[in-house]
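The values are calculated or read from the model by the stated rules, or taken from the named source; none is laboratory data. Predicted, not measured: the structure shown is a model, and the values here were computed from it. Note that each Cβ is placed from the backbone with ideal geometry, even for glycine, and that neighbours are counted across all protein chains shown.
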Amino acid sequence: EKLKSGMSKTRENISGKLNSVFAAFTRVDEDLLEELEETLILCDMGVPTTEKVIAQLRDRIKEERIREPEEVRRALAEIIRQLVEYDAPEEKYPKIILIVGVNGVGKTTSIGKIAHVYKEEGKSVLLAAADTFRAAAAEQLTVWSKRADVPIVKYGEGHDPAAVVYDAIDSAKHRGTDVVICDTAGRLHNKKNLMNELDKISRVIDREYPEAERETYLVLDATTGQNAISQAKEFAGVSRITGIILTKLDGTAKGGIVCAIKEELGIPVKYIGVGEGIDDLQRFQPEEFAKALLD
Ligand code: GDP
């Protein structure tokens, strides 16, 4: 329900647009497919992904001898579901999650929200303020650590991020913490620095915390549309991204970006942000997503 209301803008728009397309057609023909293609591109599914989806749809219409626009809608929902689906392995603990992403996308907020998700599930969480580049980063993260009621490890501005992570790991081991979430600086304009920094952090984790399962999540702002895709491509060139946190899905009609990210980059969307509050983050559910779009 929360997903539905949170995604209402996306849903209203994509499903609203698709609804009017389907309402305008009584027959299944090339014109219908063309209209659908245009609509999906408008919803930020991106050209390559949209073309693939439409090609699959065309095949199915032929193979299954689909004659009714309503059946086309069902086939489209199924294709989208398969597109965003992925095998989610069972979560293992202890776990350490590096969070990367450019400023303003909702990195800090998302870290607070993820901490809250794990806490609600009965897990213990520790935050590491390893974005020591931005003056206010640790302060903002401290605010979220209080909101989520989880401890935080932080140093002053300009300290070595890898040292912060080292301390956080040390503290997590002593406390028996389930999940360590590390904020990092996401400076794309200086790729070499970012790469060095992430490498250094990785080496610390390799050495000090080999038993922990490791994830690197990239935070992307859904309202930036295709720009988010290019950010994802750049970050994927610097580091192995294991999941995406797609924020501000409540503020956009362009939920098609979820499909584009999965198809073009092969990286699953793990969480979606649907508001500014601590409860406004959900684990991404492919099935529900497809349903919300096309029901
Ligand atoms: P950072 O610079 O990447 O750490 O970004 P912040 O976490 O400070 O967030 C930037 C702004 O985006 C803040 O005003 C947040 O409240 C807002 N924000 C973050 N996530 C979401 C979301 O899912 N939905 C909405 N509507 N706003 C969000």
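The table below gives the values:
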{"read-out": "Residues of region 96-127 classified as farther than 21 Å from residue 246 by Cα and not in a loop (DSSP other than H, G, I, E, B), total", "value": "2"}
{"read-out": "Unique match (being in contact with a His (Cβ under 8 Å, 6 or more places away or on another chain), surrounded by fewer than 20 Cβ atoms within 10 Å (Cβ to Cβ) and assigned to a helix (DSSP H, G or I)) among 81, 74, 58, 147", "value": "147"}
{"read-out": "Filter result for residue 112 (on the phi > 0 side of the Ramachandran plot and surrounded by 17 or more Cβ atoms within 10 Å (Cβ to Cβ))", "value": "no"}
{"read-out": "Flag for residue 140 being part of a helix (DSSP H, G or I), over 17 Å from the mean Cα position of the chain (by Cα), within 14 Å of residue 107 (Cβ to Cβ) and modelled with pLDDT of 90 or more", "value": "yes"}
{"read-out": "Among the residues listed as 166, 86, the single one being in a loop (DSSP other than H, G, I, E, B), surrounded by fewer than 22 Cβ atoms within 10 Å (Cβ to Cβ) and either within 22 Å of the chain's Cα centre (by Cα) or of a type outside the set (Lys, Arg) (or both)", "value": "86"}
{"read-out": "Index of the failed condition, residue 85 passing every other in (1) out of contact with any strand residue (DSSP E or B) (no Cβ under 6 Å at 6 or more places or on another chain); (2) within 30 Å of residue 150 (Cα to Cα)", "value": "(2)"}
{"read-out": "Pair list, Cβ under 7 Å, 6 or more apart: region 241-264 residue under 13 Å from residue 219 (Cβ atoms), other residue within 13 Å of the ligand (Cβ to nearest atom) and among the polar types (S, T, N, Q)", "value": "245/110; 247/110; 248/223; 249/10"}
{"read-out": "Residue that is modelled with the lowest pLDDT [pool: residues in region 74-102 that are more than 8 Å from the ligand (Cβ to nearest atom) and among the small types (Gly, Ala, Ser)]", "value": "88"}
{"read-out": "Meets criteria (closer than 26 Å to residue 185 by Cβ, within 16 Å of the ligand (Cβ to nearest atom), touching a residue at least 40 places away in the same chain (Cβ under 8 Å) and basic (Lys, Arg)) for residue 113", "value": "yes"}
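One line per residue, one yes/no per condition, for (1) under 20 Å from residue 214 (Cα atoms); (2) more than 16 Å from the ligand (Cβ to nearest atom); (3) out of contact with any Leu (no Cβ under 9 Å at 6 or more places or on another chain):
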| position | (1), (2), (3) |
| --- | --- |
| 104 | no, no, yes |
| 127 | yes, no, no |
| 132 | no, no, yes |
| 135 | no, no, yes |
| 139 | no, no, yes |
| 149 | no, yes, yes |
| 155 | no, yes, yes |
| 180 | yes, yes, no |
